[in-house]
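Reviewing the structure listed below.
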C-alpha cells in the first residue's frame with residue numbers, strides 16, 4: 001500500500017479491526033509494539049516503536065496515569081477526559097489516518113487508540129539514542145562557540161532558540177520523503193526575510209517529492225536553479241552561531257533530521273571566504289586574513305596552470321636564473337610537463353580520498369605512504385621534477401584555506417591546467433572569462449550570487465572586501481533586505 005493510499009485510509013473505530021490493519025500495514029515488523037489494555041472501562045491499545053522512545057518516561061508519564069483513569073462511558077468521553085484532565089506530555093498531536101499514525105510511531109511517539117474512536121492520541125516520549133553536542137569538525141574557530149549541530153533536528157532547533165530568543169524566529173516542521181518520512185524544519189526571522197523569498201522557497205519545497213531525504217544533497221537541488229552552475233547558490237553550515245547570523249541577515253535555513261548540517265538560502269560567493277573569527281579580532285587583522293583567503297583561492301586554482309603555461313609557451317617571462325633552474329629540473333623528467341602535472345594532481349586526489357574514506361586508525365599510514373614513498377621516491381627517481389612538486393603542494397595548500405569551495409577548486413584546477421597546457425596563458429584567460437561569466441550569471445530566487453560585487457552595492461563593501469568595526473557595521477549592515485527594498 002502506497003503512502004497516498006495510507007493517507008486516505010482513516011482509522012477504523014473497531015479496535016480489533018484497527019489492530020489487524022496496523023499489523024497488515026507494518027508487515028508484522030518486530031519493532032512495532034502493540035500493547036492492549038483496559039482503562040476507564042474502555043478497551044485501548046498503546047502503540048510504539050522499539051528503540052525510538054524512552055521506556056522510563058513512557059511508564060511514568062503515560063502508562064501510570066492512563067491505568068488510573070476512573071470508569072468512563074465510552075472512547076469519546078475517555079479521550080475528552082485525557083485531553084482536559086491529564087497532561088501526559090507537552091507534545092500531543094492527533095492522528096486520523098494510518099499514514100500519520102505510522103509517522104508518529106516511527107518518530108518516537110506513544111500512540112493511544114481506543115475501541116469506538118476514529119482518532120488517535122499521541123504523546124511525545126522520544127528517547128532514541130543520539131550523538132551529543134560536539135565541536136564542529138569542518139568549521140574550526142579560535143574565539144567562537146565550539147558547539148555544532150547534531151543529527152537530531154529538535155536538538156538543533158533548541159540550539160537556535162537558545163541563541164535567538166526573539167519571538168520573531170519562526171521554525172516550521174514538515175515531512176519530506178515518501179519512504180523515509182524525514183522531518184525537516186524551515187527557519188527564518190519573520191521581520192527580516194523578504195516575503196517573496198519565503199514564498200518561493202516554500203513553493204520549491206512543496207514541489208520537491210523525493211523518495212528519501214538522507215542528507216542535505218537530497219534537498220539542495222530542489223532549492224537551486226536547474227541551469228548549470230559551477231558554484232552552489234545554497235550554502236551549508238554545521239555551526240548554530242553562523243546560522244543565526246545568516247537568519248538575522250534575512251536568509252532562510254532548512255534543518256534536516258539525521259544530518260548535522262543546515263542549508264542556507266540564498267548564499268553569496270564572498271561568504272566562502274568569511275569565518276566567525278573575522279568578527280572576534282581587530283578589523284585590520286580580519287581584512288588581512290580575508291584577503292589571504294582570496295589569494296589562496298587563486299593560487300589553488302591557477303598556480304599549476306600558470307606554471308605549465310609559462311614553462312611550455314612563455315619562457316621569456318622568467319628571468320635567466322629561474323629559467324636555468326627549471327630547465328635543469330625538467331630535462332631529466334621522462335614525461336611532458338602537462339602529463340606530469342596531471343599525474344601529480346591526480347595522485348594527490350587519490351591520496352586525499354583514501355585518507356577521508358579509510359578508518360582513522362589506518363589513516364596515518366596514508367600520510368606515511370604519500371610523504372615518504374610516493375613523494376620522496378618520485379623526486380629521487382626523476383619521475384617528477386622538484387619545482388612541479390613544489391607548485392602542486394602550494395596549490396593544494398591554498399585549497400585548504402577555503403574548505404567550502406574544495407569540490408569546485410579540485411575540478412577548476414584540472415580544467416585550468418588543461419587550458420594552460422594546450423593554449424598557454426591565452427587559454428587560461430579564455431577559461432577564466434567563461435568561469436566569471438558563469439559565476440556572475442548565477443542567482444538564487446532573484447539574489448545575485450556575486451553580490452555585492454556584481455551588481456555593485458557600496459553598502460555591502462563594509463563586510464566583504466573589508467571588515468569595518470562592529471559599531472559601523474551595526475549602522476550599515478548588508479542584508480538581503482537591501483536587495484528586497486531595491487526591487488520594490
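Considering 160, 198, 169, the condition of being at pLDDT 90 or above, in the same structural domain as residue 259 (by TED's automatic domain parsing), buried (at least 17 other Cβ atoms within 10 Å of the Cβ) and within 18 Å of residue 238 (Cβ to Cβ) is satisfied by 160 alone. Picking from residues in the range 78-89 that are at pLDDT 90 or above and either surrounded by 15 or more Cβ atoms within 10 Å (Cβ to Cβ) or outside the structural domain of residue 48 (by TED's automatic domain parsing) (or both), the one that is farthest from residue 50 (Cα to Cα) is 78. Have a look at 132, 144 and point out the one that is within 22 Å of the chain's Cα centre (by Cα) and touching a residue at least 60 places away in the same chain (Cβ under 8 Å). Sole residue among the options that is within 22 Å of the chain's Cα centre (by Cα) and touching a residue at least 60 places away in the same chain (Cβ under 8 Å): 144. Going residue by residue through the range 180-192, is there one that turns out to be surrounded by 14 or more Cβ atoms within 10 Å (Cβ to Cβ) and more than 22 Å from residue 238 (Cβ to Cβ)? Scanning the range 180-192, I find at least one residue that is surrounded by 14 or more Cβ atoms within 10 Å (Cβ to Cβ) and more than 22 Å from residue 238 (Cβ to Cβ), so the answer is yes. So for the range 215-222 (the condition being in contact (Cβ under 8 Å) with a residue 40 or more places away in the chain, in contact with a strand residue (DSSP E or B) (Cβ under 9 Å, 6 or more places away or on another chain) and either assigned to a loop (DSSP other than H, G, I, E, B) or more than 24 Å from residue 107 (Cβ to Cβ) (or both)), does at least one residue qualify? Yes: one or more hits.
Looking across 131, 103, one residue alone is out of contact with any strand residue (DSSP E or B) (no Cβ under 6 Å at 6 or more places or on another chain) and in a loop (DSSP other than H, G, I, E, B). It is 131. The listed residues are 413, 467, 471, and the only one of them that is part of a helix (DSSP H, G or I) and farther than 30 Å from residue 307 by Cβ turns out to be 471.
If the condition is being more than 27 Å from residue 100 (Cα to Cα), in contact (Cβ under 8 Å) with a residue 60 or more places away in the chain and not in a helix (DSSP H, G or I), then the range 180-214 contributes 189, 192, 193, 194.
Within the range 90-102, does at least one residue satisfy the condition of being more than 16 Å from residue 19 (Cα to Cα), outside the structural domain of residue 237 (by TED's automatic domain parsing) and at pLDDT below 90? Working first, answer last.
Filtering the range 90-102 down to residues more than 16 Å from residue 19 (Cα to Cα) leaves 90-94.
When the remaining residues are screened for being outside the structural domain of residue 237 (by TED's automatic domain parsing), the result is 90-94.
Now restrict to residues that are at pLDDT below 90: 90-91.
The answer is yes, given that some residue of the range 90-102 is more than 16 Å from residue 19 (Cα to Cα), outside the structural domain of residue 237 (by TED's automatic domain parsing) and at pLDDT below 90.
Annotation: of all residues in the range 299-320 being surrounded by fewer than 15 Cβ atoms within 10 Å (Cβ to Cβ) and without any contact (Cβ under 8 Å) to a residue 40 or more places away in the chain, the one that is farthest from the chain's Cα centre (by Cα) is 320. At pLDDT below 90 and within 39 Å of the chain's Cα centre (by Cα), is that true of residue 57? For residue 57, the condition - at pLDDT below 90 and within 39 Å of the chain's Cα centre (by Cα) - is met.
When the range 45-62 is filtered for residues that are part of a helix (DSSP H, G or I) and surrounded by fewer than 19 Cβ atoms within 10 Å (Cβ to Cβ), the ones remaining, listed by number, are 55, 56, 57, 59, 60.
The values are calculated or read from the model by the stated rules, or taken from the named source; none is laboratory data. None of the values given here were measured: they were computed from a predicted structure. No Cβ is skipped: glycine too gets one built from the backbone with ideal geometry, and neighbour counts run over all protein chains shown.
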